[in-house]
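No value in this document is a laboratory result; all are computed from the given coordinates. What you see is a predicted model; the values in this text were computed from it and never measured. Cβ sites come from the backbone with ideal geometry, for glycine too, and all protein chains shown count toward neighbours.
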Amino acid sequence: MATEHHHAAAGDQGEMQQGAMEGVEHHDHSQMALDFRKKWLWIYALNVLFGVLTLFSPFTFGYAGTSMMWSDLVSGVLIVGIGIATLLSVRLDFLGRWSLAFIGLWLNFAPLVFWTKSPAAYLNGTLIGTLVFAFAVLVPMMPGMAHHMAMMKPGPDIPPGWSYTPSSWHQRAPIAALAMGGWLIARYMAAYQLGHITSVYDPIFGDGTRRVLESKVSKMWPVSDAGLGAFSYTIEVLMAFMGGPNRWRTMPWMAVFFFILVVPLGVVSVVLVMLQPVAVGAWCGPCLLTAMLMLAMVPLAVDEVIATVQFLQASVKNGKPFWRTFWVGDTIEGGEKDGRSPEIGVAWSKFPAATAWGVTLPWNLVASILLGAWLMAAPDLLGSTGTAGGSDNIAGALVVTTAFLALAEVTRSARYVNVLLGAWVVASPWLLSGEGPLARWSNLLVGAVLIALSLPRGPVRERYDGWDRRIR
């Protein structure tokens, strides 16, 4: 009995010590949050100013009396109210900032929902909405600032068994730049669809862009499809700046959502753009340019989610709750600090190489991309019609997309999909109608070469822990 009493007392003492430690940790976290707010109150105050600007925008820019006016008035009131509450109360910090972030996204999206005829309303929504989002959640999550809030747990920057960090600023810089380029082009086309400009310029396909933007396929969407593309590019740019060089473990949710936005949705949108000749019967030069920019983003983004998945698997294996780790992040044994990435602004000569770690350009994949582009153009150049011509357009788009995905070393095995596509290209002229003799020989040659090009793996220069054996 004495022994049992002793064990019970020891257990109670352990629980008391654990509770005391948790209380100290909670106090330390709260104090760090307060210290953070003292230094960065201008972030919260600035969003209140943006709310005031939003309130007065309908009257300043002359779109009063419309749905956009009421959207801006309500959004402005909410931004001011939530901004002041967040400024005054530390307890509302997290909920308030994310509420402001979603209002910022709505300001970006509202001009598309209401098909606003006011260019000023579209400009104001995209500009103020982006700034509200940025100062609500993006700036507080910047490295250094997040450190004061204890949002980043101590641990490695480079994942265990990896030779670089896939979340470095160098890795994300080209993604942000490509997304910005896509945003500029998409917003230009959205301006035409919304009626802000009366013509759209395409030096390559001439009237083809207008036909695509006015097609039944585009009008099937409840909002401007070009504007929707611009909205997605806005989110991609913002997400590219969120978190530090170790966000693969400190912000797993961000890495996964960024992957979903760039890779699966990007691939689908790219294929749809490239299928314009089949669906619309015309090419759109700006659309193809945005598709190429999106494709270039895919191999640059895919490695981060591989590191994140490996981290989550290791966390679950160690008995930690999956969803808590997914949303809050954690640390991990192994790995190391990032001593490989060159300092931004100092070693500019090393910067370009650091942006492409994990991506190589094997000659066979580059040649596959060119063959896919040829297949897309072949029906117009060789006179293919009917289902055969449409098949070449579709196969070419899929070949290009697959080859771009395989440029990333972690997804190099994706090139085997082009073996199947090459086999279809060889067989399609004899199974479908509309292919002439010259086009048949072209498909036979292109398909056979594509199969051969898809077999060599190409160079793999980096290490990816257990994922290395999957790169074949």
Original post:
What's the exposure ranking of Arg97, Arg247, going from fewest to most Cβ atoms within 10 Å?
Top reply: Arg97, Arg247
Subject >> Under the Karplus curve 6.51 cos²θ - 1.76 cosθ + 1.60, θ = phi - 60°, whole-Hz ³J(HN,Hα) for the stretch 450-460, x wherever Gly or Pro sits >> reply: 4, 4, 5, 5, 8, 8, x, 6, x, x, 10
**OP:** Bin width 10 Å, alpha-carbon pairs only: give the P(r) of the stretch 151-306 as whole percents, running from 0 to the bin holding the largest distance.
**Re:** 11, 38, 27, 15, 8, 1
Subject >> In nm, spacing of pseudo-spin labels at Arg463 and Lys38 (7 Å Cα→C-beta vector) >> reply: 4.5 nm
Original post:
Label-point separation (nm) for Ile344 and Val316, each offset 7 Å from Cα along Cα-to-Cβ?
Top reply: 3.3 nm
Original post:
Where the Cα atoms of the stretch 49-180 are projected onto their three principal axes, how long is each span, largest first, in whole Å?
Top reply: 60, 38, 19
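Looking at the chain, which longest stretch skips every one of the GluC sites (Glu not before Pro) that is in a DSSP loop with at most 10 other Cβ atoms within 10 Å, leaving the sites themselves out?
1-332
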Original post:
Hey, what number do you get for the chain at 222 nm if only DSSP H runs of n ≥ 4 count, each worth -39500 (n - 2.57), divided across all residues, to the nearest 500?
Top reply: -22000 deg cm²/dmol
**OP:** Restricting things to alpha carbons, tell me how big the chain is in terms of Rg and Dmax, in Å.
**Re:** 26.4, 97
Original post:
With each label point set 7 Å from Cα along the Cα-Cβ vector, what nm distance links Trp323 and Ser433?
Top reply: 5.6 nm
Original post:
Looking at the square roots a ≥ b ≥ c of the eigenvalues of the Cα gyration tensor of the stretch 246-288, which shape do they give, rounded for a/c under 1.5, prolate if a/b is larger than b/c, or oblate?
Top reply: prolate
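Mind sorting Met180, Met294 by how few other Cβ atoms lie within 10 Å of their own Cβ, fewest first?
Least crowded to most crowded, the residues run Met180, Met294.
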**OP:** Wrap a convex hull around the Cα atoms of the stretch 363-470, take a quarter of its surface area, and give that in square nanometres.
**Re:** 6.2 nm²
Original post:
Lys/Arg Cβ at +1, Asp/Glu Cβ at -1, dipole of the chain taken about the Cα centre: which of Gly129, Ala291, Thr355 is farthest positive-ward?
Top reply: Ala291
Subject >> Stretch gain in nm, segment Arg91-Glu333, where the contour uses 0.36 nm per residue and the Cα spacing is subtracted >> reply: 83.9 nm
**OP:** Would you please give the FRET efficiency between Val278 and Ser413, computed as 1/(1 + (r/R0)^6) with r the Cβ-Cβ distance and R0 = 22 Å, to the nearest 0.05?
**Re:** 0.15
**OP:** Assign unit charges at the C-beta atoms only (+1 for Lys and Arg, -1 for Asp and Glu), then state the dipole size of the stretch 363-470 relative to its Cα centre in Debye, rounded to the nearest 20.
**Re:** 340 debye
Subject >> Residue order, fewest to most surrounding Cβ atoms within 10 angstrom, among Phe61, Phe102, Phe114 >> reply: Phe102, Phe61, Phe114
Subject >> Farthest positive-ward along the chain dipole, Cα basis, beta-carbon charges - from Phe322, Leu55, Ser391 >> reply: Ser391
Subject >> 28 Å Cα-Cα reach of Lys317 towards lysines, excluding residues that sit fewer than 8 places from it in its own chain >> reply: Lys153, Lys337
Original post:
Given a cut-off of under 8 Å on Cα pairs at least six residues apart, what relative contact order in percent is computed for the chain?
Top reply: 14 percent
Original post:
Which whole-number percent gives the relative contact order of the stretch 72-221, counting Cα pairs below 8 Å spaced six or more residues apart?
Top reply: 16 percent
Original post:
Relative to the Cα centre, what is the charge dipole magnitude of the chain, using +1 at the beta carbon of each Lys and Arg, -1 at the beta carbon of each Asp and Glu, and rounding to the nearest 20 debye?
Top reply: 660 debye
Original post:
Once the Cα atoms of helix 417-431 and of the chain are each reduced to a long axis, what angle between those two axes, in degrees from 0 to 90 to the nearest 10, is obtained?
Top reply: 30 degrees
